[in-house]
Amino acid sequence: SSVSWTKDGEGFFYTRYPQPPQEAGKTLATASRDPQVFYHRLGTPQAADVAVFAYPKEPTWGVGAGVSEDGRYVFATVGRGTDPENHLYVADLGDPKRPNVRAALTPLDVTMQASFSPIGVVGRTVYLLTNLDAPKYRVVAVDLARPARAEWKTVIPESQHTLENATLVGGRLVAQYLADVKALVTIHDLQGTQVATLPLPGIGSVAGLSGREDSPELFFGFTSYLVPASVYRYDVRTGTLETFFSPKVPFDASRYVTEQKFVTSKDGTKVPMFVTHRKGVPHDGQQPTMVYAYGGFNVSLTPSFSPAVAAWLEMG
């Protein structure tokens, strides 16, 4: 699994499976059961690791744990494969510089009715990304001193677009949406009021939203039919956007444009599509055109850069 360090830098939480049995006739299939979260302190043998969390009721489900950025809390999850539901627990580690890694975990939600993903913690309030009563997801705030579901507050409500990701950066909530198969990123204060829209370099896809709660810098990856995968830095306080890294590609994208159009399907559904072409080309149905589409498994085909498309455009 991934590892999640405690604030003192002395150790980390991680998930592992039991040592596989060595008896003859046993198969590896018997080893992929009963995962458990442990805490490992640097300089000590693995045999001395602290057992933190397990869910023996369902030995094939996955478990994990992560520490909040302030180092005060650890959140543990139980999940069933890739299903969008999980249990969520929390433990107060106390002093982040002297964390009590044996602190008891208490449930925030164990109904297995929805997905609950911690975004970040401010004081004693944890912000969660959830599809509870919101199939397209929303952000809720939970006071860890009063964690009953009746006390939860919606901060960013469900909208017409699917909320794919959210992160806490510089005292702002950053929400990433899939809007008609293209990226839309909005910036909100901690009460949920939208204060800005991330100025993306065009119609495209966003990945890897990341930043820190104590810094205004937001980093993200962006790609489109005309922009190769690049990394950008955005200041959530000043609204300044700059390119952090962009690969050197021998392709002049300024000669071309991408437009979004909608086609009505047989049942009336508005199906979005993208058309990338040379600027000024006549739309007379006579231009050589490469058509590509995909549909299935709840997977959206979002814009991305392709050398083959770039070469096709340069061929006219």
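The values are calculated or read from the model by the stated rules, or taken from the named source; none is laboratory data. The shown structure was predicted, so the numbers you read here are calculated from the model rather than taken from an experiment. For neighbour counting, all protein chains shown are included, and Cβ atoms are generated from backbone atoms with ideal geometry for every residue, glycine included. Note: accessible area is taken over every heavy atom of the protein model, side chains too, but ligands, DNA and RNA are not part of it. Shrake-Rupley method; radii C 1.70, N 1.55, O 1.52, S 1.80 Å.
Loop-located trypsin sites (Lys or Arg not before Pro) in segment 99-200 (DSSP state other than H, G, I, E, B) with a sparse environment of at most 11 neighbouring Cβ atoms within 10 Å: 102. So if we plug the beta-carbon distance of residue 85 and residue 106 into 1/(1 + (r/R0)^6) with R0 = 22 Å, what FRET efficiency do we get, rounded to 0.05? The pair residue 85/residue 106 has a calculated efficiency of 0.70. When only the Cβ of Lys, Arg, Asp and Glu is charged (+1, +1, -1, -1), the dipole of segment 87-215 relative to its Cα centre reaches about 220 debye. With a 1.4 Å probe rolled over the protein heavy atoms of all chains, the accessible area of 16, 98 falls in the order 98, 16, largest first. With every protein chain in place and a 1.4 angstrom probe, the accessible-area ranking of 187, 119, 203, largest first, reads 203, 119, 187. In loop segments of segment 258-303 as defined by DSSP, the chymotrypsin sites (Phe, Trp or Tyr not before Pro) with at most 10 further C-beta atoms inside 10 Å of their C-beta are 292, 294, 297. Projecting the Cα atoms of 2, 263, 287 onto the charge dipole of the chain (Cβ charges, centred on the Cα centre) puts 287 farthest toward the positive pole. Computed from the Cβ-Cβ distance with R0 of 41 Å, the FRET efficiency linking residue 284 to residue 196 stands at 0.50. Between 82, 258, 15, the GNM of the chain built on Cα springs shorter than 10 angstrom shows 82 fluctuating the most.
With R₀ set to 51 Å, the beta-carbon distance separating residue 273 from residue 47 gives a calculated FRET efficiency near 0.30. Maximal additional length on extending the residue 92-residue 249 stretch stands at 51.6 nm, based on 0.36 nm per residue less the C-alpha distance. Take the residue pairs 153/270; 153/182; 248/279; 57/97; 182/261 and return only those whose Cα atoms are more than 24 Å apart. Cα-Cα > 24 Å for 153/270; 153/182; 57/97; rest within. In this view, the solvent-accessible surface of residue 180, computed with a 1.4 Å probe and all protein chains in place, comes to about 70 Å².
Label positions at residue 32 and residue 146, each projected 7 Å from the Cα along the C-beta direction, are separated by 4.5 nm.
Averaging over every viewing direction, what projected area does the convex hull of the Cα atoms of the chain cover, in nm²? Walk me through the intermediate numbers first.
Numbers: hull surface 89.7 nm².
The Cα convex hull of the chain, projected and averaged over all directions, gives 22.4 nm².
Under a model in which nothing but the beta-carbon of Lys, Arg (+1) and Asp, Glu (-1) is charged, segment 150-240 shows a dipole of about 200 debye around its Cα centre.
List the relative contact order of segment 1-138 as a percent without decimals, with contacts defined as Cα pairs under 8 Å and 6+ residues apart.
Values: 296 pairs, mean separation 22.8, N = 138.
In percent, rounded to a whole number, it is 17.
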